Amino acid sequence: MIEFKGVSKTYQGNPPAVDGLSMGIERGKITVFVGPSGCGKTTSLRMINRMVEPSGGAITVDGRDVSTVPAAALRRSMGYVMQSAGLLPHRTVNDNVATVLRLNRVPRSQARRRAAELLEVVGLSAAMGKRYPAQLSGGQQQRVGVARALAADPPVLLMDEPFSAVDPVVRAELQQELLRLQRDLAKTIVFVTHDIDEATLLGDKVAVFATGGRLAQYASPEEILRAPVDDFVAAFVGRDRGFRHLSFSSGAGVPIRPVDTVVLDPALPHSMAGNSDGWTLAVDARNRPMGWLPPARATGLVPGGSLFRDGESLRGALDAALSSPAGLGVAVDDDGALRGVVTAAEVLAVIEAGRQLREGGA
Ligand code: ADP
Ligand code: MG
């Protein structure tokens, strides 16, 4: 849908910021530009909507050279979200969201209604619409920024490090929210980040940029983690890539074993429960895990590790096992009820079997 054809950008008197970039961006997918600071991600993104003009080469959208489309019209046809939400401080949230609609001559009352709808789409209450940007948290402001970019229902969304200024907990929420939104909206999203974890989480495809505006690798996140093309990508992807790659393998094949349980009444003291030689899992009346009782029972309930939810990857299974005080990862169903436990050794056996299968098939 969007094609870069030998695109370069040189800011006067500097080495190229982007150098002969050629790549295709698929419709309805999230494409992530990732790389260290200064490698030309923002420049490349901004050439798509002509906020920056290329020094050479061409960019087409649906086959049409963007340099032939008036810049103002082009910008209005693409939503743009940046790191600082960039909201107008003296306008209410509603007015901020409705800006593009008003530019497109949508009547005021209709624009208001659409703004309220959009706030709900991004997980804010319509009541927020009457506030001013300074009265919102950083995460809320970013949500408003996304709502504003969606206002005119553009087919393309350009996002430049939209979540990098908020704290990690809010960032994780916003990432999940974007994935949820995208399942309904199926926009063509170009998303810039310097964070490889964010890139592999969000991207259908990931473009790794190297210093000097060189495209080092352009592939699925799974492939970038499994098979970085060169030392630069391998170093950028980092030391945990083997572990992170497990996110792309289904955890369905991991055996789930029974475990000794004891039903605890949350109203009673916990220290008397359990009576086996090993670890005992405490569950509530609805069979949801509450914590572990160690073999020597004097200490009472020990908090559990991360849960392995139905449908999660091998990464989730291994993390559950490794983070559990009992060495037994607790597997739960969609309602949070206990299914059984997994061990790290059995997760590793599944990983190893998968590897041998690929080897045999290759
Ligand atoms: P990134 O978004 O990957 O951090 P940028 O596209 O912002 O990278 O910048 C790429 C290179 O171009 C950097 O060396 C940066 O200093 C330079 N650059 C970006 N914008 C300008 C500008 N307006 N004038 C001069 N140099 C710029
Ligand atoms: Mg940038």
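The values are calculated or read from the model by the stated rules, or taken from the named source; none is laboratory data. Note that this is a predicted model, so its numbers are computed, not measured. Because the Cβ atoms are built from the backbone with ideal geometry, glycine has one as well, and the counts that use them run over all protein chains shown.
Within the range 54-86, count every residue that is away from ligand 2 (no atom under 16 Å from the Cβ), surrounded by fewer than 17 Cβ atoms within 10 Å (Cβ to Cβ), in contact (Cβ under 8 Å) with a residue 24 or more places away in the chain and on the phi < 0 side of the Ramachandran plot.
Residues that pass the stated criteria total 6.
Is at least one residue of the range 285-302 crowded, with 17+ Cβ neighbours inside 10 Å and among the polar types (S, T, N, Q)?
No, there is no match, as no residue in the range 285-302 is crowded, with 17+ Cβ neighbours inside 10 Å and among the polar types (S, T, N, Q).
Can you tell me which residue is modelled with the lowest pLDDT among those in the range 207-248 that are buried (at least 21 other Cβ atoms within 10 Å of the Cβ) and within 16 Å of ligand 2 (Cβ to nearest atom)?
Ranking the qualifying residues of the range 207-248, first place goes to 213.
I'm checking my understanding of the structure. Among residues of the range 207-225 that are outside any strand (DSSP E or B) and among the polar types (S, T, N, Q), which one is farthest from residue 8 (Cα to Cα)?
Here the residue is 220.
If you go through the range 8-47 one residue at a time, how many are within 12 Å of ligand 2 (Cβ to nearest atom) and among the hydroxyl-bearing types (Ser, Thr, Tyr)?
4
Working only within the range 136-184, note down all residues that are within 16 Å of ligand 2 (Cβ to nearest atom) and either on the phi > 0 side of the Ramachandran plot or in contact with a Cys (Cβ under 9 Å, 6 or more places away or on another chain) (or both).
The answer is 161, and nothing else.
Among the candidates 161, 177, single out the residue that is away from ligand 1 (no atom under 16 Å from the Cβ), assigned by TED's automatic domain parsing to the domain that holds residue 50 and not aromatic (Phe, Trp, Tyr).
177
Go through (1) more than 24 Å from residue 189 (Cβ to Cβ); (2) at pLDDT 90 or above; (3) hydrophobic (A, V, I, L, M, F, W, C) for residue 78 and report which single condition fails.
Failing condition for residue 78: (1).
Filter the range 180-197 down to residues that are charged (D, E, K, R) and surrounded by fewer than 20 Cβ atoms within 10 Å (Cβ to Cβ) and give me whichever is nearest to ligand 1 (Cβ to nearest atom).
So, considering only residues that are charged (D, E, K, R) and surrounded by fewer than 20 Cβ atoms within 10 Å (Cβ to Cβ), the one nearest to ligand 1 (Cβ to nearest atom) is 195.
Can you say whether residue 134 is of a type in the set (Gly, Ala, Ser), at pLDDT 90 or above and either within 29 Å of residue 62 (Cβ to Cβ) or surrounded by 15 or more Cβ atoms within 10 Å (Cβ to Cβ) (or both), as far as the supplied structure shows?
In short, no.
Do you know which residues across the range 133-151 are touching a helix residue (DSSP H, G or I) at 6+ places or on another chain (Cβ under 8 Å), closer than 23 Å to residue 168 by Cβ and part of a helix (DSSP H, G or I)?
Selection gives 133, 138, 139, 140, 141, 142, 143, 144, 146, 147.
Could you please give the count of residues in the range 137-158 that are modelled with pLDDT under 90 and within 16 Å of ligand 1 (Cβ to nearest atom)?
Qualifying residue count for the region: 0.
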